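The values are calculated or read from the model by the stated rules, or taken from the named source; none is laboratory data. All values derive from a computational prediction rather than experimental measurement. Reconstructed Cβ throughout: ideal geometry from the backbone, glycine too, with neighbour counts over all protein chains shown. Surface accessibility is based on the protein's heavy atoms, side chains included, excluding ligands, DNA and RNA. Shrake-Rupley method; radii C 1.70, N 1.55, O 1.52, S 1.80 Å.
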Protein chains: 2
Amino acid sequence: MTVTSVHDPSHREALWELEDAFGRGDLVSLFGRCTVSYEGRAASDLGAGDRLLVLKPDGAALVHTDEGRQPVNWQPPGSEHHAAVREGRLRVRSTRSNPDETLTVRFSDVHQLSAMAVTGGRDLTLHGSEEDLRTRIVERPELVEPGFEPRETERPSSAGPMDVFGVDADGTPVVVELKRRRVGPDAVGQLARYVRALREELGVGDAGEADDDSPAVRGILVAPSVTDRAAERLADRGFDHVALEPTPEE
Amino acid sequence: MTVTSVHDPSHREALWELEDAFGRGDLVSLFGRCTVSYEGRAASDLGAGDRLLVLKPDGAALVHTDEGRQPVNWQPPGSEHHAAVREGRLRVRSTRSNPDETLTVRFSDVHQLSAMAVTGGRDLTLHGSEEDLRTRIVERPELVEPGFEPRETERPSSAGPMDVFGVDADGTPVVVELKRRRVGPDAVGQLARYVRALREELGVGDAGEADDDSPAVRGILVAPSVTDRAAERLADRGFDHVALEPTPEE
DNA sequence: GCGTCCATGTCGATG
DNA sequence: CATCGACGTGGACGC
């Protein structure tokens, strides 16, 4: 593992190191006093201050202050990094097109620059996602309700793929929308679109005949919990909510 | 400006530096070979590889690989960093409560560690946000339509605050929903909620009497553009779309 | 604390 | 390319 590291370099030294690092495909970490300006989907300016600039070989650029999970400024992967010395400052610029965006970081002082080749080990195994919730329901359908039979996941419809499609104990078609966490009204809207699409497709239970307790196509929202507004909308539509976590309680 | 920087430190040296940096409230950048595990709202594991760990004095922790704008793992601000040497590795752990979450990074090798005090200069001036769009409309209402008069922004309603409330040339109440970029159907749903709330509040134009071309309360979606699905929903509801950018075209 | 909504959201799948 | 939906979304603001 080769790490390059320079302390308090001159702008010219820093420039050399940056260009080498870009050439090697290194990940760069740069501490220094700088101003930052961005122009693209929006535009922003940031006055002088000490910050951390991270430059990735895939084109991503991140400007971090001492606070927050989010960078104060950034450029997405696919951008191109360029460095130069201009007007007595080290200018690092990252540009991309579609949309056209430019991030410019101007360093009056570079305190520390490190670069390292970083490869592999990018595959994360994540548990507790919506996909896990789907798996859990397919394996244990009674968690939705007794007699529920899943027939298909990601079933296509004119409104997009529905998370789980199945039938209930009476043989009534059921659309299940899954959410890994507490949801608001937008999730009910999503479920409603799938139910409407399926009713049209099956030619049953549209607004004209679904005014009693037999909706012909049922909608079930599976989520740990729902907001009040979402509950209202669920009631309006005659949909059900099943409280379920993506992973079993410990 | 004081920067601490060590190259290829022993675990014990790295531990000292980390504890000093935590004590000083420094921002830390740590290159090394590590495994990462996370447990909290979800759970994840990441095998050995070279990565960049950033530790912020506000408690944020970021694990970055060579790719992506997003950290592969992280901990939000408000967490607490702890470092220790365990089983021949440098273990950096960041924990928080509510929800209970733990991020653990275990280094088999530390290649480079830098720490710097980073203060001030955190205030970003951003242009092109939804707020700019609102300002633009209030100053030039004719951009929405001739004769439009804004009366209130962030007007409260039972469905939440509507972006702009006003009246059109005929004196008909208008609810304007603003989006800084192209929107999908959810924005129409949002607008519909506000319109419904206002109709109820004013006691006019509900479903019973709004079946002709006089809806009593109009809804206008201002956004650069809308998706097909959103356009459908707009037409269903009898709402209008006005194509407008958050900032004037160059 | 929860609810709501914006974001330069980012990211991946899909047509 | 654009659309659509998930995300450990994050973050701000209001109640």
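Ignore the peptide's own chain and count Cβ atoms of other chains within 10 Å of each Cβ in A:161-169; give me the average, rounded.
Working: counts 0, 0, 0, 0, 0, 0, 0, 0, 0.
Average neighbour count from other chains, rounded to a whole number: 0.
What number comes out for the charge environment of B:Val144, summing +1 per Lys or Arg and -1 per Asp or Glu over other residues with Cβ under 12 Å away? Provide the component values of the computation, followed by the final result.
Details: positive: B:Arg134, B:Arg136, B:Arg140, B:Arg218; negative: B:Glu139, B:Glu142, B:Glu145, B:Glu149, B:Asp163, B:Asp168, B:Glu177, B:Asp240.
Neighbourhood net charge equals -4.
Treat each spin label as a single point 7 Å out from the Cα along the C-beta direction, and report the B:His127 to B:Glu19 distance in nm.
Going by the 7 Å Cα→Cβ label model, 5.1 nm.
Relative to the other copies, what are the label-point distances for B:Pro161, with labels 7 Å from Cα along the C-beta vector, expressed in nm at one decimal and sorted shortest first?
3.9
Suppose you put the label 7 Å out from Cα in the Cβ direction; list, shortest first and in nm with one decimal, how far A:Arg181 is from each other copy's label.
2.0
Straight-line reach from B:Lys56: which lysines have a Cα under 25 Å away, not including same-chain ones fewer than 8 places off?
A:Lys56
Looking at the protein assembly as shown, what % of its DSSP beta bridges pair antiparallel, to the nearest 5?
Working: 126 of 146 bridges.
Around 85 percent antiparallel, to the nearest 5.
Roughly how many Å² is the accessible area per residue of the protein assembly as shown, as a whole number, for a 1.4 Å probe? Intermediate results must be reported in sequence, preceding the final value.
Working: 23100 Å² over 500 residues.
With the other protein chains kept in place, the protein assembly as shown gives 46 Å² per residue.
For B:Asp8 paired with A:Ala117, estimate the spin-label separation in nm (one decimal), with each label point 7 Å from Cα along the Cα-to-Cβ line.
1.6
In whole Hz, what ³J(HN,Hα) sequence does the range B:173-189 give by Karplus (6.51, -1.76, 1.60; θ = phi - 60°), x for Gly and Pro?
x, 10, 9, 10, 9, 9, 9, 6, 9, 3, 10, x, x, 4, 5, 5, x
Treating only the Cβ atoms of Lys and Arg (+1) and Asp and Glu (-1) as charged, compute the dipole magnitude of chain B about its Cα centre; round to the nearest 20 debye.
Values: 30 positive and 46 negative charges, 259 e Å.
The dipole of chain B has a size of about 1240 debye.
Is the shape of the protein assembly as shown rounded, prolate or oblate, going by the alpha carbon gyration tensor and its root eigenvalues a ≥ b ≥ c, with a/c under 1.5 for rounded and a/b larger than b/c for prolate? Intermediate results must be reported in sequence, preceding the final value.
Working: a/c = 2.68, a/b = 1.50, b/c = 1.79.
Verdict is oblate for the protein assembly as shown.
Between copies, how far apart are the B:Ala42 label points? List them in nm, one decimal, shortest first, with each point 7 Å from Cα toward Cβ, please?
List, nearest first: 2.5 nm.
Compare A:Asp132, A:Asp66 by solvent-accessible area with a 1.4 Å probe and give them largest first, with all protein chains kept in place.
Numbers: A:Asp132 50, A:Asp66 15 Å².
Reading off the accessible areas and sorting them downward yields A:Asp132, A:Asp66.
Average partner chain C-beta neighbours within 10 Å, per residue of A:25-34? Walk me through the intermediate numbers first.
Working: counts 1, 1, 8, 1, 8, 2, 9, 3, 3, 1.
Per residue, the average neighbour count from other chains is 4.
Quick one: how many Å² of A:Asp50 are accessible to a 1.4 Å probe, rounded to 10?
That residue has around 10 Å² of solvent-accessible surface.
Along the charge dipole of the protein assembly as shown, pointing to its positive end and built from +1/-1 on Cβ of Lys, Arg, Asp and Glu, which listed residue (B:His82, A:Ser114, A:Ala42) has its Cα farthest out?
Farthest along the dipole direction, towards plus: A:Ser114.
Can you give the accessible area of B:Lys56, probe radius 1.4 Å, in Å² rounded to 10?
B:Lys56 exposes around 0 Å² with every protein chain in place.
Size of the dipole of the protein assembly as shown about the Cα centre, Lys and Arg at +1 and Asp and Glu at -1 on the beta carbon, nothing else charged, in debye to 20?
So the dipole magnitude of the protein assembly as shown works out to roughly 1860 debye.
Considering the Cα trace of the range B:3-116, what is its radius of gyration and what is Dmax, both in angstroms?
Expressed in Å, the Cα Rg and Dmax of the range B:3-116 come to 12.8, 37.
If one takes the longest principal axis of the Cα atoms in chain B, at what angle in degrees, from 0 to 90 and to the nearest 10, does the Cα axis of helix B:130-139 lie?
Taking the Cα atoms of chain B, the angle to B:130-139 is about 30 degrees.
For chain A, rounded, prolate or oblate, judged on the Cα gyration tensor with a ≥ b ≥ c (square roots of eigenvalues), a/c < 1.5 rounded, else prolate if a/b > b/c? Present the calculation step by step, with values, prior to reporting the outcome.
On the way: a/c = 3.45, a/b = 2.78, b/c = 1.24.
Verdict is prolate for chain A.
Calculate the spin-label point distance for B:Glu154 paired with B:Val85, positioning each point 7 Å from the Cα along the beta-carbon direction, and give it in nanometres.
5.4
Please give the average number of partner chain Cβ atoms lying within 10 Å of the Cβ of each residue in B:124-132, rounded to a whole number. Mind showing how you got there, number by number?
Working: counts 10, 6, 7, 6, 6, 2, 0, 0, 2.
For peptide B:124-132, the averaged partner shielding equals 4.
Taking the Cα atoms only, what angle lies between the long axis of helix A:11-24 and the longest principal axis of chain A, rounded to 10 degrees?
Compared with the principal axis, the helix lies near 50 degrees.
Provide the net charge surrounding B:Val226, with neighbours chosen by a C-beta distance below 15 Å and charges set as Lys +1, Arg +1, Asp -1, Glu -1.
Details: positive: B:Lys179, B:Arg180, B:Arg181, B:Arg182, B:Arg229, B:Arg233, B:Arg237; negative: B:Glu177, B:Asp186, B:Asp228, B:Glu232, B:Asp236, B:Asp240, B:Glu245.
Charge balance near B:Val226 sits at 0.
Extent of the range B:44-168 along each principal axis, from alpha carbon coordinates, in Å, largest to smallest?
Sorted from largest, the Cα extents of the range B:44-168 read 74, 30, 28 Å.
Given only helices, namely DSSP H runs of n ≥ 4 each adding -39500 (n - 2.57), what is the per-residue ellipticity at 222 nm of the protein assembly as shown, to the nearest 500 deg cm²/dmol?
Details: 8 runs with 104 residues, N = 500.
Computed ellipticity for the protein assembly as shown at 222 nm equals -6500 deg cm²/dmol.
Roughly how much accessible area, to the nearest 100 Å², goes out of reach of solvent when A and B pair up, both sides summed, probe 1.4 Å?
The A and B chains share an interface burying roughly 5200 Å².
If you take every DSSP beta bridge fully contained in the range B:130-243, what fraction is antiparallel? Give it as a percent rounded to 5.
Values: 9 of 19 bridges.
Counting only bridges with both partners in the range B:130-243, antiparallel ones make up about 45 percent.
Report the paramagnetic label zone for A:Thr135: residues of the range B:35-77 whose backbone N is under 19 Å from a point 7 Å from Cα along the Cα-to-Cβ axis.
Label zone hits: B:37-47.
Order A:Glu101, A:Glu13, B:Glu131, most accessible first, counting only protein heavy atoms with a 1.4 angstrom probe. Intermediate values should be presented prior to the final figure.
Numbers: A:Glu101 5, A:Glu13 85, B:Glu131 115 Å².
Descending accessible area places them as B:Glu131, A:Glu13, A:Glu101.
Which net charge results for the neighbourhood of B:Gly47, defined as the other residues with beta-carbon distances under 10 angstrom from its beta-carbon, given Lys and Arg at +1 and Asp and Glu at -1? Please report the intermediate quantities before stating the final value.
On the way: positive: A:Arg122; negative: A:Asp123, B:Asp45.
Within the 10 Å Cβ shell, the charges total -1.
How large is the charge dipole for the range B:130-243, taken about the Cα centre, if only the Cβ atoms of Lys, Arg (+1) and Asp, Glu (-1) carry charge, to the nearest 20 debye? Write out the running numbers ahead of the final one.
Numbers: 16 positive and 25 negative charges, 103 e Å.
I would put it at about 500 debye.
Compute the separation of the alpha-carbon centres of the range A:160-206 and the range A:15-89 and state it in Å as a whole number.
45
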